[in-house]
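Take a look at the structure set out below.
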């Protein structure tokens, strides 16, 4: 089953390589992938949210999503599954950037992007949340265009990002509810 899935994944990457690549498009997709390198864009947004008191809770939620995603995607799944990159298995797939040396599954760019984007979609006004999801999708698609991830790596990254975002939103809301409850109890005790 896994061999069939990997073969189909590779066929889609080869189709992208043969039909969609161009010099102009490559510049755009390299830029999008650079935004996702080391979670750069998402960390920058998270820090910006943490600075302002009105958005600090959203920033805390995004930060938790980043940490959870890093542990799950890069710390556990990449090492456990140990899936080689597409260009390592299928030599006809030509990566357009410096070939990453870590494992392929899941896409860390995708999971980190969607982890924060889903948090922003859940907690910010829709226009900002939709913009974050579109940006996350473009970063994810860049990984396919550039030939460094299989489609199933990217799809799994979206699912992990969604799950991590849900966990982070739940955890921060629960923590805030306890904090407010403890504060109210403490205030009532003082009087």
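The values are calculated or read from the model by the stated rules, or taken from the named source; none is laboratory data. Keep in mind that what you see is a predicted model, and the values were worked out from it rather than measured. Cβ sites come from the backbone with ideal geometry, for glycine too, and all protein chains shown count toward neighbours.
Restricting to the stretch 99-119, name every residue that is within 22 Å of residue 135 (Cα to Cα), surrounded by fewer than 24 Cβ atoms within 10 Å (Cβ to Cβ) and modelled with pLDDT of 95 or more.
Matches in the stretch 99-119: 105 only.
Got at least one residue in the stretch 56-66 being farther than 17 Å from residue 162 by Cα, surrounded by fewer than 19 Cβ atoms within 10 Å (Cβ to Cβ) and out of contact with any strand residue (DSSP E or B) (no Cβ under 6 Å at 6 or more places or on another chain)?
Yes, the stretch 56-66 contains a residue that is farther than 17 Å from residue 162 by Cα, surrounded by fewer than 19 Cβ atoms within 10 Å (Cβ to Cβ) and out of contact with any strand residue (DSSP E or B) (no Cβ under 6 Å at 6 or more places or on another chain).
Within the stretch 84-98, is even one residue within 17 Å of the chain's Cα centre (by Cα) and surrounded by 12 or more Cβ atoms within 10 Å (Cβ to Cβ)?
Among the residues of the stretch 84-98, not one is within 17 Å of the chain's Cα centre (by Cα) and surrounded by 12 or more Cβ atoms within 10 Å (Cβ to Cβ), which makes the answer no.
Test of understanding: among 32, 38, which residue is in a helix (DSSP H, G or I), without any contact (Cβ under 8 Å) to a residue 60 or more places away in the chain and closer than 19 Å to residue 142 by Cβ?
Residue meeting the stated conditions: 38.
Please verify whether the stretch 76-83 includes one or more residues that are more than 15 Å from residue 161 (Cα to Cα) and in contact (Cβ under 8 Å) with a residue 60 or more places away in the chain.
The answer is yes; a qualifying residue exists.
Please enumerate the residues belonging to the stretch 18-29 that are in a helix (DSSP H, G or I) and touching a residue at least 60 places away in the same chain (Cβ under 8 Å).
25, 26, 29
Name the residue, out of 60, 49, 64, that is assigned to a helix (DSSP H, G or I) and free of Cβ contacts under 8 Å to residues at least 24 places away in the same chain.
It is 49.
Being modelled with pLDDT of 95 or more, over 23 Å from residue 7 (Cα atoms), out of contact with any helix residue (DSSP H, G or I) (no Cβ under 9 Å at 6 or more places or on another chain) and surrounded by fewer than 21 Cβ atoms within 10 Å (Cβ to Cβ) narrows it down to one residue among 44, 133, 50; which is it?
44
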